[in-house]
Amino acid sequence: MAGKKRVGVLALQGDFQAHQRALERAGAEAVEVRTAGDLEGVQGLIIPGGESSTMVKLLEEEKLLDPLREFGRRRPIFGTCAGAILLATDVANSPQVSLGLMDIQVERNAYGRQLDSRIAHLNPQGMDGGLEAVFIRAPIIRRVGRDAKVLASYEGDPVLVEQGRHLAATFHPELTGDARVHLMFLEKIP
Ligand code: GLN
């Protein structure tokens, strides 16, 4: 039997521990990533939710932006919420540096202040019974490039998108105990 897949979780800020538990539920080994050296032994990476502007600041301080871009040219990355903002080529409201690995435009905090968090029922392709999705101060994906594919939408906006080896969700699949989105990501790891 093949060994467990070793997946890194960017652990500078945000809800990385919930992703570690979700990866373990999905049968993978989770490794905290804080330095470029930590990327060496991992086969894929999750960038968690949190506050993307803070994450960018920490990534700049740790000189991790280029190593992450380089990693993403070879290996799968799954970004959730703030992580999805980091994967995008184009960030609006307010514009900030990103990795530019997925051809999507995201608008940060797009659901507004009052109604900023909710639980929604999604019907992603190929998922029987649908999926509960937790949104927390989520961005909206405003534009999806030709090479990106929408796997689930909510109220007409894409919320789960893949592009080649990468996956982005504007919700938090690590918070529901349902491992299927993490399993979908693990399938992208050869
Ligand atoms: N609003 C946050 C941002 O702009 C994202 C929120 C989240 O990751 N739950 O980075």
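Side notes on the structure shown:
- Among the strands (runs of 3 or more DSSP E) confined to the range 10-95, the ones with at least 1 residues that are within 16 Å of the ligand (Cβ to nearest atom) are located at 44-47, 77-80, 88-92.
- Listed by position, the strands (runs of 3 or more DSSP E) contained in the range 110-190 that have at least 1 residues being in contact with a helix residue (DSSP H, G or I) (Cβ under 6 Å, 6 or more places away or on another chain) and small (G, A, S) are 166-169.
- Any hit, the range 147-155, residues being within 11 Å of the ligand (Cβ to nearest atom), among the small types (G, A, S) and free of Cβ contacts under 8 Å to residues at least 60 places away in the same chain: no
Taken together, the values in this text are just the output of simple stated rules run on the coordinates, not laboratory data. Every value quoted in this text rests on a predicted model; they were computed, and no experiment measured them. Heads up, the Cβs are rebuilt from the backbone with ideal geometry, glycines too, and the neighbour counts pull from every protein chain shown.
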